[in-house]
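Please read the structure below before turning to the comments.
The values are calculated or read from the model by the stated rules, or taken from the named source; none is laboratory data. Keep in mind the model is a prediction, meaning the values are calculated, not measured. When we count neighbours, we look across all protein chains shown, and the Cβ atoms used for this are built from the backbone with ideal geometry, even at glycine. Keep in mind that these areas ignore ligands, DNA and RNA; they rest on the heavy atoms of the full protein, side chains included. Shrake-Rupley method; radii C 1.70, N 1.55, O 1.52, S 1.80 Å.
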Amino acid sequence: MKKPRLLLALACLMALTSLAGAEEWPTRPLRIVVPFPAGGSADVQSRMIADGLAKALGQPVIVDNKPGAGGNIGAAEVARAQADGYTLFMATTGTHASNIHLYKSLPYDPVKDFAPLTLVTVNPQLIVSGTRYRDGTFSDLIAKLKSAGAATNFGSSGIGSATHLAGELFNRESGTTLVHVPYRGQGPALNDLLGGQLDVMFPLVADVFSFVQSGQIHAFAVMGDRRSKALPDIPTTAELGYPRLRMSPIWTALYTNAGTPKPIIDRLNRELVRIISAKTFIDKVEPIGFEVRTTTPEELAAFTASETASWGEIIKALGVHLD
């Protein structure tokens, strides 16, 4: 009887120690790991959130960029961190929904290694053209691209990216034969679209918002179930007669490590939702194409599970793999 009582006593002691640590948290700086280079949309959002979180917690919050391998390098580093609430991760559709289907294996488990905190933003994709095909309707665009055949192309931010998958889906659903031209990032691809070297792209609203507004790029459709708040005059592909030509909006979300004490997760969720829902944050990100959307940890877990299944279906149907 002594051994079971000893184990029970140890378990109670550990629980009390964890609770005491959670009540004192935080006692040192935090960091938000961003799996992409500085200057990108995930980085900009993270820095805005870091400023607000530092004020709320009374500790510095450092943004740590760990780019590479479609976000896998940064995700793997966070997965190995201590489950103490001092390391946060700015996850994306890639790291937590699509990469698991694109790669044979990942150096982390998007579900088992992470604790969800809150969704941050969602951002739909557009179908846009360069100078050669800017005139006419969406039906005209498809007819012209079909007529030109393999002489047409589309650019993406890289093989396996959402902009690549969208182009392959466009070919399948419209009957076109656009040749894929992958780039190392969205910026160079957009430069070639503006310069006339590319015919079509499938960028995020935020990536081309200013170009669409100025008339430099023509947007034909939103690849989603509803119109973009930032570009309400652009119809959806479903409205134009192509209900299967849709992609889930690209999203960002914040996670910490699995096993982090629940009081710390609850505190982080509460502070993060307050920061992200604040008018100051919304007024900076929504006018350029992002849509703010916060959640509870449980809602984010359910959302991610649904997104993982959705992206899996798309990737399997298109037959795209990265290794």
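Here's how it looks for Ser156: its modeled amide H is under 5 Å from those of Val181, Tyr183, which are all 5 or more places away or on a different chain.
If one computes the Cα centroid of the stretch 164-185 and of the stretch 292-317, what distance in Å separates the two points? Comparing the Cα centres of the stretch 164-185 and the stretch 292-317, I get a distance of 23 Å.
Which of the lysines could a cross-linker span from Lys279 if the Cα-Cα distance has to be under 27 Å and same-chain partners fewer than 8 positions apart are dropped? Straight-distance partners of Lys279: Lys55, Lys229.
Taking a ≥ b ≥ c as the square roots of the eigenvalues of the Cα gyration tensor of the stretch 187-321, is the shape rounded (a/c under 1.5), prolate (a/b larger than b/c) or oblate? Working shown, then result.
Details: a/c = 2.15, a/b = 1.52, b/c = 1.42.
The shape class here is prolate.
Under 5 Å from the amide H of Thr121 lie the amide H atoms of Thr252, Arg293, each residue being 5 or more positions distant or on a separate chain, with H modelled from the backbone and absent for Pro and chain starts.
Database remark: amide H of Phe36 closer than 5 angstrom to the amide H of Lys66 (H placed geometrically; neighbours at sequence offset of 5 or more, or on other chains; Pro and chain starts carry no H). Per residue, the chain exposes an accessible area of 45 Å² to a 1.4 Å probe, with every protein chain left in place.
Rounded to the nearest Hz, the phi-derived 3J(HN,Hα) couplings of the stretch 287-294 under the Karplus curve 6.51 cos²θ - 1.76 cosθ + 1.60 (θ = phi - 60°) are x, 9, x, 7, 10, 6, 8, 9, where x marks glycine and proline.
By the rule of a C-alpha distance below 27 Å, with chain neighbours fewer than 8 residues away ignored, the lysines paired with Lys316 are Lys104, Lys112, Lys146.
Mean sequence separation of contacting Cα pairs (under 8 Å, at least six apart), scaled by the length of the chain, corresponds to a relative contact order of 25 percent. The aspartates and glutamates whose alpha-carbon is closer than 18 Å to the alpha-carbon of Lys284, local same-chain residues fewer than 8 away aside, are Asp43, Asp51, Asp207. Relative protection proxy for 254-264, 51-61, from highest mean packing down: 254-264, 51-61 (other beta-carbon atoms within 10 angstrom). Within the assembled protein chains, the solvent-accessible surface assigned to Ile73 is about 90 Å², based on a 1.4 Å probe.
Charge tally for Tyr133 (other residues, Cβ to Cβ under 11 Å; Lys, Arg +1; Asp, Glu -1): 0.
When you have a sec, figure out the Kirkwood radius of the stretch 36-103 from all distinct Cα pair distances and drop it here in Å to one decimal?
Working: mean 1/r = 0.0775 Å⁻¹.
Kirkwood hydrodynamic radius for the stretch 36-103: 12.9 Å.
Placing one equal scatterer on every Cα of the stretch 241-323 and applying the Debye formula, the log10 ratio I(q)/I(0) at q = 0.12, 0.13 Å⁻¹ is -0.53, -0.61. May I ask you to work out the translational diffusion coefficient for the stretch 29-148 at 20 °C, viscosity 1.002 mPa s, via Stokes-Einstein with Rh from the Kirkwood sum over Cα pairs, reported in whole µm²/s? Answer, rounded: 129 µm²/s. A simple rule links phi to the HN-Hα coupling: the Karplus curve 6.51 cos²θ - 1.76 cosθ + 1.60 with θ = phi - 60°, which for the stretch 115-122 gives 10, x, 10, 6, 5, 10, 9, 10 Hz, with x for Gly and Pro. Among the protein heavy atoms of the stretch 268-311, carbon and sulfur supply 61% of the accessible surface, probe 1.4 Å, non-protein parts ignored. Remark: the stretch 254-263, residue by residue, has Karplus-estimated 3J(HN,Hα) of 9, 10, 10, 7, 4, x, 5, x, 4, x Hz, where x stands for each Gly or Pro and the curve is 6.51 cos²θ - 1.76 cosθ + 1.60 at θ = phi - 60°.
What ratio of Cα Rg to 2.2 N^0.38 Å holds for the stretch 145-232?
Working: Rg = 12.6 Å, N = 88, 2.2 N^0.38 = 12.1 Å.
For the stretch 145-232, the normalised Cα radius of gyration is 1.04.
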